[in-house]
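The structure appears right after this line, and notes come after that.
The values are calculated or read from the model by the stated rules, or taken from the named source; none is laboratory data. Keep in mind that this is a model prediction, so the values were computed, not measured. So basically every Cβ, Gly included, is an ideal-geometry build from the backbone, and we count neighbours across all protein chains shown.
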Amino acid sequence: MAPPLLSFPGKNPPIVPLPSLYRPTTTTATATTSFRSPPPPPPSIGSAARIQKLIAAQSDPLLAKEIYDVASSLRPDLLRRSSLHTLILKLARARHFSAALSFLRHLPSPSPALLSSLFHTFSRVSRPDLALSAFRRLLLSSSPPCPKLFNRLLSALATHPSSLPAALSLLKSASSLGVTPTTRSFNVLMFAFCRVGKLSVAYSLFNRIFAVGLTPDVASYRILMQGLCRKSQVGTAISLLDDMLNKGFVPDALTYTTLLNSLCRKKKLREAYKLLCRMKVRGCNPDIVHYNTVIIGFCREGRPLDACKVIEDMPKNFGCLPNLVSYAILVHGLSSRGLFEQANGYLEDMMGRGLVPHFSVFHALIKGFCGVGKVDEACRVLEGMLRQGVAPHVDTWDLIVAGVCDEDREKLEAAVLKVVKEEEWRRCTKIVQLGGALEEYMIRRFCMRNLQRDRCW
């Protein structure tokens, strides 16, 4: 039986809301957003360091350029400036100049290290005009370059004689370009003009150093003195050295080497020796190169006894000991003048100091002794040569064999047997190379022995 309905007399029944069976949780726009796919992740092409190593490892610059183009199109955020620097240098060194300059234009401010390497590369491939073009583009795109980069450009231009006028014009207009030249800038061009023989231009550059408010350094004086010595104006170079010393500069070792060599070649040996003695007083200790230069000069002019005086003064006055070159020059010089006993004394002194002479030193002395008939002395020199482990030359054996054959055959046989029995010497010298005299002598000895044996039987 159904329950009775409730009634409210004189009023309408209240409307009781029914519970909702479906209630949407989101709006249409929100629902649409919830079903949209997330953006795709960026492609994975490796890290920035990996890309840089990959570009640097390619031997083919065009392949490295393709790798850079692909990486820049996919992930430009991973590219470093160093990767572009490496690519530009690869293209320039492979003579892809247009591609290298095209990438260089993309750089708002190229680093000085990159430009310095480019200047060197363009100079090495004989294209200094490209170095000058890159420098002008740098002036238009950024602040004026530093003096070091400016000097690098001058060096690249000065390497080629055809670019020297452009380098000189660039140096003269440095102030208008906002570049402050240094003494090094003038030295670079002075050296280049001295090398091509234009000493007047080098002199004008030297004087211009004072005009722009700079001071020349030791290299400035040395470059100018080297140019004067090349022109055989050694007297003017000595005057410039005196001016340098009066202004308080201390010449370096290379400056003195240039002057000593020039004085010796001009046969001014007395002046060269005086300059060598004054070096230590003037603040530069002479080294073995300076002494050997003077020794060569004396021996070249046939004055080996004066060279002996230089060698004797070395240890007691300057504390510098002779080396292999010093003794070799002196022994050759003494031997050429017939002073074989003195030469032999210096040879023994040389070996007593633990120095092993070249075989030519022994050969010169052996040749001299054999030439004057002193075969015993020549044999003693040969024995000393073998004790030092130096293999005699074939001509040396010819001299000894020819000298001994004229005096004592028994002595020759003992010398030959000594060479044959010693394995080390036998490897260095073949018996068949000892000369025709030795071959003839050995044949006669063998024939005599066979004849004696036949008689005994």
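Would you please name the residue that is farthest from Leu245 (Cα to Cα), looking only at residues in region 286-314 that are outside any helix (DSSP H, G or I) and at pLDDT 90 or above?
Filtering region 286-314 for residues that are outside any helix (DSSP H, G or I) and at pLDDT 90 or above, the one farthest from Leu245 (Cα to Cα) comes out as Gly302.
I need a count of the residues in region 334-343 that are of a type outside the set (D, E, K, R), surrounded by fewer than 21 Cβ atoms within 10 Å (Cβ to Cβ) and either assigned to a helix (DSSP H, G or I) or not assigned by TED's automatic domain parsing to the domain that holds Pro322 (or both).
2
Picking from Arg265, Arg222, which residue would you name as being closer than 28 Å to Glu301 by Cβ, charged (D, E, K, R), buried (at least 22 other Cβ atoms within 10 Å of the Cβ) and under 28 Å from the mean Cα position of the chain (by Cα)?
Among Arg265, Arg222, only Arg222 is closer than 28 Å to Glu301 by Cβ, charged (D, E, K, R), buried (at least 22 other Cβ atoms within 10 Å of the Cβ) and under 28 Å from the mean Cα position of the chain (by Cα).
Looking at region 344-406, what helices (runs of 4 or more DSSP H) fall wholly within it and have at least 3 residues that are without any contact (Cβ under 8 Å) to a residue 12 or more places away in the chain?
375-387
Cβ-Cβ under 8 Å, sequence separation 6+ or interchain: first residue in region 217-237 and over 13 Å from Asn261 (Cα atoms), partner assigned to a loop (DSSP other than H, G, I, E, B) and not hydrophobic (A, V, I, L, M, F, W, C). Which pairs?
Val218/Pro251; Val218/Asp252; Tyr221/Pro251; Arg222/Pro251; Arg222/Asp252; Lys231/Gly197
Count, please, the residues in region 135-162 that happen to be modelled with pLDDT under 85 and under 19 Å from Leu84 (Cβ atoms).
Looking only at that region, the number is 4.
Could you tell me whether region 303-324 includes any residue that is within 30 Å of Phe206 (Cβ to Cβ) and of a type in the set (Val, Ile, Thr)?
Looking for residues that are within 30 Å of Phe206 (Cβ to Cβ) and of a type in the set (Val, Ile, Thr), one finds none in region 303-324, hence no.
Within region 164-177, can one find any residue that is at pLDDT below 90 and buried (at least 16 other Cβ atoms within 10 Å of the Cβ)?
yes
For region 315-331, which residues satisfy the criterion of being in a helix (DSSP H, G or I) and surrounded by fewer than 19 Cβ atoms within 10 Å (Cβ to Cβ)?
Pro315, Lys316, Asn317, Phe318, Leu324, Val325
Kindly provide the set of residues from region 92-126 that are under 21 Å from the mean Cα position of the chain (by Cα), among the polar types (S, T, N, Q) and not in a helix (DSSP H, G or I), ordered by number.
Result: Ser126, single match.
Looking only at region 342-378, which residues are acidic (Asp, Glu) and closer than 13 Å to Cys308 by Cα?
Asp349
Answer yes or no as to whether Ser163 is outside any loop (DSSP other than H, G, I, E, B), polar (S, T, N, Q) and without any contact (Cβ under 8 Å) to a residue 12 or more places away in the chain.
For Ser163, the condition - outside any loop (DSSP other than H, G, I, E, B), polar (S, T, N, Q) and without any contact (Cβ under 8 Å) to a residue 12 or more places away in the chain - is not met.
Restricting to region 371-391, and then to whatever is crowded, with 21+ Cβ neighbours inside 10 Å and more than 28 Å from Leu321 (Cβ to Cβ), can you tell me which residue is modelled with the highest pLDDT?
In this case the residue turns out to be Ala378.
Any idea which of Gly248, Gly227, Gly235 is of a type outside the set (Asp, Glu) and either touching a strand residue (DSSP E or B) at 6+ places or on another chain (Cβ under 6 Å) or modelled with pLDDT under 90 (or both)?
Gly248
Please work out which residue is farthest from the chain's Cα centre (by Cα), limiting yourself to region 57-73 and to residues that are more than 14 Å from His85 (Cα to Cα) and among the hydroxyl-bearing types (Ser, Thr, Tyr).
Per the stated criteria, the residue is Ser73.
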